[in-house]
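The values are calculated or read from the model by the stated rules, or taken from the named source; none is laboratory data. What you are looking at is a predicted structure, and each value in this text was computed from that prediction instead of being measured. Virtual Cβ from ideal backbone geometry, glycine too; neighbours counted across all protein chains shown.
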Amino acid sequence: MKLPQHGSNPQYLYKEMGMEKPDQIIDLSANINPLGPPECIKENWINFFQKVNDYPDPYTLSLKTVISEKNQVSMDSILIGNGGAELISLVGRLLSGKNVLIIEPGFSEYEKACQANDCQIYYHYLKEPHWELHINEIKERLKKIDAVFLCNPSNPTGVFYRYDIIVQLLEECKKANTLLIVDEAFYDFVEGYTSIAALIYDYKNLVILRSMTKMFAIPGLRLGYVIAHQSIVEKIAIYQPHWSVNALAMAAGELCLQDESFVYNTIQYIKKERTKLFAFFEKEGFTFSPSKVNFYLLKEPQKDNTEVLFTFLLKHGIVPRHTFNFPGLDGKWLRFAIKSAKENNQLMEVLKEWRQLP
């Protein structure tokens with residue numbers, strides 16, 4: 001059985017599981033903002049569409065300007081990409097043949113990109129259920145390591161590592177002449193987040209990856225960006241094809257980044273729903289990750305794997321994300337996105353039914 005490597009598109013999951021897909025399902029496998037795209041996208045879509053009859057700006061200057069102002073970094077330190085997946089692929093090209101350390105559990109695309117570029121891959125496994133980042137343990141592993149991948153907030157755990165922890169790790173990587181690649185695809189879901197963008201001027205070994213598709217619910221447009229020292233951005237950009245980012249995505253991105261109230265409202269909504277869900281899980285005896293974002297891990301503490309629970313949920317139209325391809329998790333947990341209040345309540349109802357089984 002070869003399960004899908006990512007969330008979303010649940011029809012492929014049901015097919016691989018040999019199960020008939022229910023007429024009504026709730027897809028909790030994709031970590032997209034449940035509020036949907038900002039209203040500004042819908043209101044301006046006709047205006048965006050007028051851009052399709054011309055080539056997009058190959059330098060993405062207008063969007064770079066917005067990102068530069070919001071993050072207080074120079075435009076030369078920014079590279080816009082066709083979603084986080086392309087940016088990870090480009091970084092993989094940069095690291096071709098190098099020794100890479102991936103802090104696990106983390107996004108599976110790091111490993112895939114490094115394998116495609118003949119990197120020697122090493123792994124550092126964080127211990128559940130808190131997945132704390134102990135810098136001294138990683139420090140000992142940096143000899144002969146050219147680059148470290150860290151997902152923060154972590155996908156799939158939702159655990160967030162504070163600014164001071166990142167600085168400590170950066171310092172150790174700097175001493176070892178090692179790149180630190182911090183994937184911040186979900187940073188904008190973190191309440192009280194402190195930006196690390198300005199650190200690129202003190203640490204030329206820092207590469208920040210960000211996605212705009214998760215917070216603003218535009219995965220179909222594909223949009224993300226890199227923030228790093230100009231010298232690193234120039235090296236990565238060499239591998240990027242012309243017109244990688246389409247004009248519609250660029251126009252949408254500009255508006256999204258200026259809609260600060262949308263981000264604030266999302267954070268408050270997710271916090272409220274997460275608090276409700278975690279209180280339920282604790283009451284019912286489930287184990288869950290200490291997530292700070294819009295997704296979390298869940299498992300049945302009495303079982304070594306989640307296959308039976310996974311199948312039960314699918315039969316009841318609840319689609320979680322399996323974790324068989326997350327090194328260090330190996331299928332022992334399920335990942336769930338936080339969705340609408342109605343959908344979250346339905347998940348809890350199904351889990352109550354699970355609890356009542358003999």
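For the reader, a short list of remarks on this structure follows.
- Region 102-119 residues that are more than 13 Å from LEU90 (Cβ to Cβ) and touching a residue at least 24 places away in the same chain (Cβ under 8 Å), paired with ones that are assigned to a strand (DSSP E or B) and aliphatic (A, V, I, L, M) (beta carbon under 8 Å, 6 or more apart): ILE102/ILE121; ILE102/VAL148; ILE103/VAL148; ILE103/LEU150; GLY106/LEU150; GLU111/ILE102; GLU111/ILE121; CYS119/VAL100
- Listed by position, the helices (runs of 4 or more DSSP H) enclosed by region 50-153 that each have at least 2 residues that are more than 17 Å from the chain's Cα centre (by Cα) and small (Gly, Ala, Ser) are 61-71.
- Here is the figure for region 279-300: residues that are in contact (Cβ under 8 Å) with a residue 12 or more places away in the chain, in a helix (DSSP H, G or I) and touching a strand residue (DSSP E or B) at 6+ places or on another chain (Cβ under 9 Å) total 1.
- Pairs are defined by a Cβ separation below 7 Å, a sequence spacing of at least 6 or placement on different chains, a first member in region 121-139 that is in contact (Cβ under 8 Å) with a residue 40 or more places away in the chain, and a second member that is polar (S, T, N, Q); the pairs so defined are PRO129/THR287; PRO129/SER289; TRP131/SER154; TRP131/THR157.
- Residues that are more than 24 Å from LYS271 (Cβ to Cβ) and in contact (Cβ under 8 Å) with a residue 60 or more places away in the chain do not occur anywhere in region 337-354.
- In region 157-174, the residues that are under 14 Å from TYR193 (Cβ atoms) and assigned by TED's automatic domain parsing to the domain that holds PHE336 never reach a residue that is surrounded by fewer than 16 Cβ atoms within 10 Å (Cβ to Cβ) and of a type outside the set (Asp, Glu) with C-beta atoms less than 7 angstrom apart, at least six apart or across chains.
- Some residue of region 115-122 being of a type in the set (Ser, Thr, Tyr) and crowded, with 22+ Cβ neighbours inside 10 Å: no
- Test: residue in region 50-62 that is loosely packed, with under 12 Cβ neighbours inside 10 Å, outside the structural domain of GLN240 (by TED's automatic domain parsing), of a type in the set (A, V, I, L, M) and modelled with pLDDT under 90: no
- For region 310-335, the candidate set comprises residues that are touching a helix residue (DSSP H, G or I) at 6+ places or on another chain (Cβ under 7 Å) and in a strand (DSSP E or B); within that set, the residue that is surrounded by the most Cβ atoms within 10 Å (Cβ to Cβ) is VAL319.
- Given (1) touching a Ser or Thr at 6+ places or on another chain (Cβ under 7 Å); (2) on the phi > 0 side of the Ramachandran plot, number of the condition ALA217 does not satisfy: (1)
- Considering residues of region 208-224 that are in a strand (DSSP E or B) and in contact with a helix residue (DSSP H, G or I) (Cβ under 6 Å, 6 or more places away or on another chain) only, the residue nearest to SER77 (Cα to Cα): LEU209
- Screening LYS283 with (1) buried (at least 22 other Cβ atoms within 10 Å of the Cβ); (2) modelled with pLDDT of 95 or more gives one miss only, at (1).
- Residues considered: LEU206, LEU150, LEU180, LEU169. Of these, the only one that is surrounded by 21 or more Cβ atoms within 10 Å (Cβ to Cβ) and over 29 Å from PHE324 (Cβ atoms) is LEU206.
- A residue that is modelled with pLDDT of 95 or more, under 18 Å from ALA337 (Cβ atoms) and of a type in the set (Phe, Trp, Tyr) can be found somewhere in region 157-166.
- Scanning region 125-141 for residues that are surrounded by fewer than 20 Cβ atoms within 10 Å (Cβ to Cβ) and more than 23 Å from THR287 (Cα to Cα) yields ILE135, ASN136, GLU137, LYS139, GLU140, ARG141.
- Boolean, GLU39 is among the acidic types (Asp, Glu), surrounded by fewer than 13 Cβ atoms within 10 Å (Cβ to Cβ), under 24 Å from GLU260 (Cα atoms) and in contact with an Asp or Glu (Cβ under 9 Å, 6 or more places away or on another chain): yes
- Residue in region 175-192 that is free of Cβ contacts under 8 Å to residues at least 40 places away in the same chain and over 20 Å from LEU101 (Cβ atoms) present: yes
- Being among the acidic types (Asp, Glu), in a helix (DSSP H, G or I) and surrounded by fewer than 19 Cβ atoms within 10 Å (Cβ to Cβ) is true of GLU234.
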